[in-house]
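Only one structure is covered here, and it is reproduced in the block below.
The values are calculated or read from the model by the stated rules, or taken from the named source; none is laboratory data. Just so it is clear, the model here is predicted, and its values are computed rather than measured. Using ideal geometry, Cβ is built from the backbone for each residue, glycine included, and neighbour counts are taken over all protein chains shown.
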Amino acid sequence: QVQLVESGGGSVQAGDSLRLSCAASGRGFSTYALAWFRQAPGKEREFAAAISRTGDFTSYAESVKGRFTISRDNTKNNVYLQMNRLEPEDTALYYCSAGQRTGARVKASYDYWGQGTQVTVSS
């Protein structure tokens, strides 16, 4: 079992960058595939990015591809989301998640979730 805590959110202007972090506690961090999802007000939680156990495979939603980068550090039990050229449409609560299926894009594939960190982008 793993516990996840996100940080790094904030309020920024369009075009700015933010780096989200997710710290994991518990056992077996390196055995989990990880992902970031996001949920805007009044909308469903949606997939943003995923990374494999070793970090050698990543996948992205079309809406963030080329702007966001997911990475992980298994020595520190952390996963990151570097977000560049932020747009108002990126405004959402961002969640990290852990599961067993590499690259999965559906919420049901992930067993553990953090509480979320808010990102607000103004134009």
Practice task
Among residues belonging to region 66-79 that are charged (D, E, K, R) and over 24 Å from SER11 (Cβ atoms), point out the one that is surrounded by the most Cβ atoms within 10 Å (Cβ to Cβ).
Solution key: ARG72
Problem - In region 16-35, residue modelled with the highest pLDDT [restricted to those that are part of a strand (DSSP E or B) and among the polar types (S, T, N, Q)] - result: SER21
Handout entry: Criterion (surrounded by 14 or more Cβ atoms within 10 Å (Cβ to Cβ) and either aliphatic (A, V, I, L, M) or at pLDDT 95 or above (or both)) met by exactly one of GLN118, GLN13, GLN82
Key = GLN82
Exercise for the section: Starting from region 61-74, keep only residues that are closer than 18 Å to THR91 by Cβ, then list their pairs with residues that are among the basic types (Lys, Arg) whose Cβ atoms are within a distance under 7 Å, requiring at least 6 positions of separation or different chains. Expected result: ARG67/ARG85
Exercise for the section: State whether one or more residues within region 57-67 are of a type outside the set (S, T, N, Q) and modelled with pLDDT under 95. Expected result: no
Exercise for the section: Out of the residues in region 17-51 that are of a type in the set (A, V, I, L, M, F, W, C) and under 14 Å from GLN1 (Cα atoms), state the one that is surrounded by the fewest Cβ atoms within 10 Å (Cβ to Cβ). Expected result: ALA23
Exercise for the section: Residue by residue through region 106-119, note down the ones that are touching a residue at least 60 places away in the same chain (Cβ under 8 Å) and either over 15 Å from the mean Cα position of the chain (by Cα) or in a loop (DSSP other than H, G, I, E, B) (or both). Expected result: GLY114, GLN115, GLY116
